[in-house]
Amino acid sequence: MNAILDVRRPKARAGVSRRAAALLSVCLFPLFTPFLAGAADLNGEARKLTASLTQDEKFVLLRGYLAVAVPKPPGAIGSAGFVPGVPRLGIPALQETDASLGITNPNNIRPGDTAVALPSSVATAASFDPDIAYQNGALLGRQAAARGFNVVLGGGVDLAREPRGGRDFEYSGEDPLLAGMMVGAAVRGTQDQHVISTVKHFAANDQESQRNTLDVEMAWDALRESDLLAFEIAIEQGHPGAVMCAYNKINGGYSCGNKMLLTTILKHDWAYPGFVLSDWGGVHAAGDLTAGLDQESAAELDAQRFFADPLRRAIDAGTVPQARVDDAVTRILRSMLAAGLMKQPLTAPRQQTQAADAAIARRAAAAGIVLLQNEKRDQDHTLPLPRTLHTLLVVGADADAGVQAGGGSSQVTPVGGYAREIPLGASNGLEFFRVSAFDPPAPLAAIEARLPGVHVLWVDGRSAKQAAFLAAGADAAIVFANQWEGESSDVPDLSLAGGQDGLIAAVAAANRRTVVVLETGGPVLMPWRDRVGAILETWYAGNGGAEAIADVLFGQVNPGGRLPVTFPATEADLPNRSVPGMYLPSGAPVNVTYAEGADAGYRWFARAGKKPLYPFGFGLSYTSYSLSNLRVQGGATLTVSFDITNSGTRAGADTPQAYVTSRAGRPGLRLIGWSKTALAPGETHRVTLTADPRVLADFIAQGNKWHVPAGSYTVCIGESAQNLPLTATAQLDSRDLAP
Ligand code: BGC
């Protein structure tokens, strides 16, 4: 089925529908979930259970094991982590698996176990559709449960403030509202399957270079308005059972021992009832428990097994209070109770969901594809490609094997096994993370299947001359180009590696109908942009990627993805010319003051007056849309409504966005909402968005509150952060909100 038709669409009807397109518009209010249901009962039950544990049994729950090596800890299935249970009281072990892009199988610890590789989180964010994120999350929950896992280490919601960040593909873009909403929906999907999900890495793990020694020095108010707001929204929307603290320091203290972060903000201000588990090797002292850490993960990776003997000694010495130990245990048990882990047998049979899960992966991959350029060639636009071609050249990026996957702990052994693996060599002792792998099936095969009788030529692209020669004789050329990204290192720069820019330029010079298909974890520079006919950003698209790419190339799917990250025109326009600390020897201490502060991504570009190559929120379609009749109401918050019309000839899903551009006389660009709306040709819907007041507010660290200044607010709507044709103003009352 056409993925666009698959999007939940209000009944097609020409003319103006006055019904708010609430179904797909962003809902900014916390939703009901079992994690909140009967909150008082859960706390009481968890406390009772804690009281019935011996001290030794409490310690069993406080400390986790690495479960990726043989011999596995007794009882472990084999995965990233394992925390034994307390069988005497029916408390099951925590079987923890990575992660957001599919159920991983590190080290092939479960021989031969493959799983659906979902598109990367940045691709899911590009759908701007929380329902896609929810379905992905639910798939993860089902596939985890089918293998006996009850904790998914997913929910990456650090901001992509550093576009060269090695894990940006695992995160959900540069805007806190978008990232929070999308990740919250994914977490909800997972937990609806009675599996605990984390959100991670709390907080500001926004680059990989020196991640174990990096100290992010940023004012707490700026953090509250950016990175921490993304977590806050994700937690409200998803109610994750656990929060994973990060490797880096924030304002002098390691995240996993940072009292301000874990106790003051997370547990006090946000009243978070779940538990904090550490990142693997992220604990530095037994006293981290006092700061708010509840569970030491994979303790073998820390300098000492801190939440074992050192913690017992600290309790005996009175430096760590017993009450904090009991609170930590209660929080762990509360999340287990909330997820139903004590009674829920892990049963979902894998076979039943396989076909459905493949369809979910394909739909998600298609929904994340962003059409960046589509020039007219003779009468028609370059895309979709006509099926009347006689000869088509396909080049590059191992498209004869599969689609690019990102590296690191999130890397899934895909259904069908890796199509190709290219070791990249170690730069920091983590060589197992540095493998450029490709997920099947091959885009080349998916393209060929749509062109029976057409002469499809394939070359790997190592010779630009050969590719150009063949392109000159073809009706059209598709150049696949990739950029590998992976955990533990950042990308050196935003240029496509390995001569790919030269390859694209050579093919484009030989054939005007050249389509570039990018498989990247984030933005890249495009020196050849003006010479090519069309550009598609397909990210790391996973097992559904090949079919989704072919669906878009040939028009079976009308692309509707939007950029969740800004694509800069040059790296000189970024706040940092290179990733801070990236050229220092591994483990060197680095302090970073991100110059943009709360204004990550497009906010920085607006503030600095820089024009990006492609702005946040941008994406073209095979149809056209128009916006009209903007109304903005003020008072306690902003309510924005407008009409959206599909003014073209194809069905499609548009994502109009609303931004404030000035708050009480102060300029600055902030996304306040969007609506993913599916429309038939000629159809119009009225969209209504209500702004979460926090995106209109300043965080006042001194008074520990959000403050919405009174005055006139300018609201603009449009199709990206830089194309905002309709403007209106409204007055807001002064308002303080709890932190
Ligand atoms: C990563 C986490 C992951 C953990 C377990 C760490 O290296 O930072 O995201 O969940 O490993 O694999």
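The values are calculated or read from the model by the stated rules, or taken from the named source; none is laboratory data. If you're wondering where the values come from, they're calculated on a predicted model, not measured in any experiment. Every residue, glycine among them, receives a Cβ derived from its backbone with ideal geometry; neighbour counts consider all protein chains shown. Heavy atoms of the whole protein, side chains included, go into the accessibility calculation; ligands, DNA and RNA do not. Shrake-Rupley method; radii C 1.70, N 1.55, O 1.52, S 1.80 Å.
Pop the C-beta distance of A317 and S52 into the FRET formula with R0 = 30 Å and round what comes out to the nearest 0.05.
FRET efficiency, A317 to S52: 0.70.
Out of I360, Q373, V320, whose Cα points farthest toward the positive end of the dipole of the chain (charges: +1 Lys, Arg; -1 Asp, Glu; placed on Cβ)?
I360
R88 to Q466: extension gain in nm, 0.36 nm per residue of separation minus the Cα-Cα distance?
That works out to 129.2 nm of additional length.
Just how large is the dipole of the range 214-270 about the Cα centre, in debye to the nearest 20, putting +1 at every Lys and Arg Cβ and -1 at every Asp and Glu Cβ?
The dipole of the range 214-270 has a size of about 260 debye.
What does the charge add up to near L494, with Lys and Arg as +1, Asp and Glu as -1, over the other residues with Cβ less than 9 Å from its Cβ?
The answer is -1.
Which of rounded, prolate or oblate describes the range 413-456 when judged by the alpha-carbon gyration tensor and an a/c cut-off of 1.5?
Prolate.
Counting pairs of alpha carbon atoms under 8 Å apart in space and at least six apart in sequence, what relative contact order in percent does the range 361-557 give?
Result for the range 361-557 is 34 percent.
Give the Debye-formula value of log10 I(q)/I(0) at each listed q (0.06, 0.07, 0.08, 0.09 Å⁻¹), with one equal scatterer per alpha carbon of the chain, two decimals each.
For the chain at q = 0.06, 0.07, 0.08, 0.09 Å⁻¹, log10 I(q)/I(0) is -0.33, -0.46, -0.60, -0.77.
Using a simple charge model, +1 on the beta-carbon of Lys and Arg, -1 on the beta-carbon of Asp and Glu, nothing else, what dipole does the range 519-635 show about its Cα centre, in debye to the nearest 20?
The dipole magnitude comes to about 440 debye.
Over the heavy atoms of R512, what accessible area does a 1.4 Å probe trace out, to the nearest 10 Å²?
R512 has an accessible surface of roughly 130 Å² with all protein chains in place.
Considering only protein heavy atoms, with the full assembly of protein chains and a 1.4 angstrom probe, order W270, W458, W528 by accessible area, largest first.
Highest to lowest solvent-accessible surface, that is W458, W270, W528.
For the range 361-557, report the % of Cα-Cα distances exceeding 23 Å.
The answer is 39 percent, as a whole percent.
Taking 0.36 nm per residue of sequence separation and subtracting the Cα-Cα distance, how much length would be gained by fully extending the chain between D493 and L457, in nm to one decimal?
9.8 nm
With a sphere of radius 14 Å drawn around the Cβ of A286, what net charge do the other residues whose Cβ falls strictly inside it have (Lys, Arg +1; Asp, Glu -1)?
Result for the neighbourhood of A286: -1.
Assign one of three labels to the range 620-737, namely rounded, prolate or oblate, based on the Cα gyration tensor with a ≥ b ≥ c the square roots of its eigenvalues; rounded applies when a/c is under 1.5, prolate when it is not and a/b is larger than b/c, and oblate otherwise.
It comes out prolate by the Cα gyration axes.
For K611, give me every one of the lysines with a C-alpha distance below 30 angstrom, ignoring sequence neighbours fewer than eight places off in its own chain.
Hits, sequence-local ones excluded: K376, K676.
What net charge is computed for the residues neighbouring Q404, neighbours being all others with C-beta under 11 Å from the C-beta of Q404, Lys and Arg scored +1, Asp and Glu -1?
-3
Sticking with the crude label model, points 7 Å out along Cα→Cβ, report the distance from N704 to S647 in nm, one decimal please.
The modelled label-to-label distance comes out at 5.2 nm.
Are there trypsin sites (Lys or Arg not before Pro) in the range 350-407 that DSSP puts in a loop and that have at most 13 other Cβ atoms within 10 Å, and which ones?
R387
What FRET efficiency comes out for the pair R666/T388, r = Cβ-Cβ distance, R0 = 56 Å, nearest 0.05?
Once the sixth-power term is evaluated, E becomes 0.50.
Among G407, G555, V435, whose Cα projects farthest towards the positive end of the dipole of the range 361-557, with charges put on the beta-carbon of Lys, Arg (+1) and Asp, Glu (-1)?
G555
Solvent-accessible area of L53, probe 1.4 Å, all protein chains present, reported in Å² to the nearest ten, please.
Near enough 10 Å² of accessible area.
Would you mind classifying the range 3-338 by shape? Square roots of the alpha carbon gyration tensor eigenvalues, ordered a ≥ b ≥ c; an a/c under 1.5 is rounded, otherwise it is prolate if a/b is larger than b/c and oblate if not.
It comes out prolate by the Cα gyration axes.
Taking only C-alpha pairs under 8 Å that are 6+ residues apart, what is the relative contact order of the chain in percent?
Relative CO of the chain lands at 16 percent.
If I model a spin label at R420 and V70 as a point 7 Å from the Cα along the Cα→Cβ vector, what separation in nanometres do I get?
3.0
Convex hull over the alpha-carbon atoms of the range 94-245: what's its volume per residue in Å³?
Convex hull volume per residue, Cα atoms: 106 Å³.
Could you check the simple spin-label distance between E431 and E217, using points 7 Å along Cα→Cβ, in nm with one decimal?
3.8
State in Å² the accessible area per residue of the chain; use a 1.4 Å probe, count heavy atoms of protein chains only, and round to the nearest integer.
Result: 33 Å² of accessible area for each residue.
Per the 1.4 Å probe, what fraction of the accessible area of the chain, in percent, lies on carbon and sulfur atoms?
Its accessible area is 54 percent carbon and sulfur atoms.
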